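The structure appears right after this line, and notes come after that.
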Amino acid sequence: MSRGILGLFGNKQLSRRNEGKSQIPNTNIFVLISLVVISSIMLLLSSYDFVSIFKNAGLSIFSGVRNGIFEISSFFSRTAGSINELATLRQEHSDLLLQLERFVELERSNAEILLENIRLKEQLDFSETIRYNRIPAQILGRDPSNLFSAIVINKGSTAGISNNMTVVAYQNGVQALVGKVIQTGAFESLVMPVFDINSQVSSRFSVSRFEGIIEGQGDSEIPLLMRFVPRRANDDINIGDIVVTSGMGMIFPAGINIGRVSGVNVLEYETTLEVMIIPMIDFLRLEYVFVLDVDLNDIINAGS
């Protein structure tokens, strides 16, 4: 019995020893394989070709990343440069436009000065032909009260101007009547033009010498109306005939051009005619005038 038990324990110990002996060779094989693998890896890593391939791969990857970063930075740099250049071009364009505008304005001013000199020379040449004392003046505007069609000039009593003085102008080589002074200030005066509805001018035809009274109709674009012309003068009146001041009424000197005949109305059952007169002065373009300082004796002598 005891031997049986001992035999059993002995068999178990023997099997364990056999198992241990069988595990030892397995472990050795695993260690050997591991060493071989590690050695192979070490040999592979230590080889020049592998290191070269690794270096080349790393260099390629690094170069790609570096090129990508460079391209991105270059793109933003070029974009920022383009924006800055565009802003500079816009500023230069604005500066050039401003200079061009100044040059155009300067050219316009020079042209206006040249025309102004031509007009002033024309007025100066005309003033030398006037046999009366004359006071040159410039048109400033219209009567602000609108009670009359009055013209405002830049000369007044300090320049020797007084009421009822004759005002003439020179346009297109012709001297013609503008009107008369109706109100005088120290430095400005109001002139009633011949087209004013309250204006009346004693006049006559320069050729036939028939006389009448020219009245305004309130608008420079509407012909003047010459009334009280004898009916028998109809055969002697032609379109385009010149009408001048007659000197009657002791206001306007005789012989000043007023306008030209544009039509004749023969009034039935009337002994007089109505003649349409186009003023020689274009009041819309009137800039300069001359106020005549005429003595009463000069008016009488001119009309005689």
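Observations
- Being of a type outside the set (Lys, Arg), assigned to a strand (DSSP E or B) and without any contact (Cβ under 8 Å) to a residue 60 or more places away in the chain is not true of Val181.
- When we screen Ser262, Ser246, Ser203 for residues that are out of contact with any Asp or Glu (no Cβ under 8 Å at 6 or more places or on another chain) and among the hydroxyl-bearing types (Ser, Thr, Tyr), the only hit is Ser262.
- Scanning the stretch 250-265 for residues that are surrounded by fewer than 18 Cβ atoms within 10 Å (Cβ to Cβ), within 14 Å of Val229 (Cβ to Cβ) and in contact (Cβ under 8 Å) with a residue 40 or more places away in the chain yields a single hit, Gly263.
- Filter result for Phe187 (in a loop (DSSP other than H, G, I, E, B) and in contact with a Lys or Arg (Cβ under 8 Å, 6 or more places away or on another chain)): yes
- Condition met for Phe187 (touching a residue at least 24 places away in the same chain (Cβ under 8 Å) and exposed (fewer than 14 other Cβ atoms within 10 Å of the Cβ)): yes
- Long-range neighbours under 6 Å by Cβ, at least six apart or interchain, first residue farther than 18 Å from Phe283 by Cβ within the stretch 149-175, second of a type in the set (Asp, Glu) and surrounded by 13 or more Cβ atoms within 10 Å (Cβ to Cβ): Gly156/Glu188
- Flag for Gln200 being touching a helix residue (DSSP H, G or I) at 6+ places or on another chain (Cβ under 8 Å) and surrounded by fewer than 19 Cβ atoms within 10 Å (Cβ to Cβ): no
- Scanning the stretch 266-287 for residues that are in contact with a helix residue (DSSP H, G or I) (Cβ under 9 Å, 6 or more places away or on another chain), at pLDDT 85 or above and surrounded by fewer than 21 Cβ atoms within 10 Å (Cβ to Cβ) yields Val266, Thr271, Thr272, Glu287.
- All positions within the stretch 264-294 that are more than 23 Å from Ser189 (Cα to Cα) and either more than 45 Å from the chain's Cα centre (by Cα) or part of a loop (DSSP other than H, G, I, E, B) (or both): Val264, Asn265, Val266, Leu267, Glu268, Tyr269, Glu270, Thr271, Thr272, Leu273, Glu274, Val275
The values are calculated or read from the model by the stated rules, or taken from the named source; none is laboratory data. Because the structure is a prediction, the values reported are computed rather than measured. For neighbour counting, all protein chains shown are included, and Cβ atoms are generated from backbone atoms with ideal geometry for every residue, glycine included.
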